[in-house]
Amino acid sequence: MTSADGPAGNIASRQPSVPLKKFTNPTEIVKTKSEPLNSADWLAIAVATAAGAGFTPKAPGTAGSVVGVGIYLALDRAGAGAYYPHAIIFFFIVGIWASSRVEHMWGHDAQRIVIDEVVGQMITFGLAAGRYQLSAFYVALGFGLFRLFDIVKPFPIRHLERIKGGLGVISDDVGAGFYALATLTLIRYVFVKSY
């Protein structure tokens with residue numbers, strides 16, 4: 001008789017087998033809404049909401065875009081435009097992490113998550129930073145163009161938001177940012193002598 005044939009073995013064999021959930025995304029969080037928040041969760045909330053901009057009662061996405069414009073202006077006017085691409089990459093990476101982490105609390109791409117708008121808006125000014133200073137008109141135009149493409153979502157932006165996890169949250173706004181970047185660059189190329 002093996003140990004599994006005895007009384008203890010019979011009890012063990014009657015235990016329901018619960019399959020373990022497999023997490024293929026390394027940033028996926030294994031916790032529920034009922035669990036208390038830890039320091040990493042609070043940091044993720046701060047990043048995902050762009051230091052609280054996502055809690056704006058009306059138009060939180062627009063508030064996130066304003067933060068993106070502010071980061072561009074701060075670096076560009078401080079003469080640190082050469083570091084602007086690094087800033088975009090940094091916010092892109094931490095944005096994916098933070099967005100993935102807060103999904104267990106708010107759901108996928110909740111309105112409070114605006115770090116994606118920050119990254120997309122920053123991409124809009126990617127070619128200008130460190131090369132030439134945009135006038136107030138072009139900064140406002142870049143802001144408006146990004147908001148337009150983020151709302152309209154031309155191909156393939158709408159498909160990008162179907163990606164799961166934090167990458168999906170960020171990807172569609174990255175696409176909108178590149179649309180706005182291309183349009184802003186084209187307009188400035190044609191009319192730059194007028195402004």
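General remarks:
- Residues located in the range 125-135, provided they are within 15 Å of residue 68 (Cα to Cα) and of a type in the set (Gly, Ala, Ser): 126, 128, 129
- When residues of the range 48-66 are limited to those that are surrounded by fewer than 21 Cβ atoms within 10 Å (Cβ to Cβ) and among the β-branched types (Val, Ile, Thr), the one farthest from residue 128 (Cα to Cα): 56
- Evaluated against (1) in contact with a Phe, Trp or Tyr (Cβ under 8 Å, 6 or more places away or on another chain); (2) buried (at least 21 other Cβ atoms within 10 Å of the Cβ); (3) at pLDDT 85 or above; (4) under 18 Å from residue 70 (Cα atoms), residue 174 falls short on exactly one condition, (2).
- Condition check for residue 95 on (1) surrounded by fewer than 20 Cβ atoms within 10 Å (Cβ to Cβ); (2) in contact with a helix residue (DSSP H, G or I) (Cβ under 8 Å, 6 or more places away or on another chain): one failure, at (1).
- Which listed residue is under 14 Å from residue 47 (Cβ atoms) and in a helix (DSSP H, G or I), from 102, 139: 102
The values are calculated or read from the model by the stated rules, or taken from the named source; none is laboratory data. Bear in mind that the values here come from a model prediction, so they are computed numbers and not experimental data. Quick reminder, even Gly has a Cβ in these numbers, built from the backbone with ideal geometry, and neighbours come from all protein chains shown.
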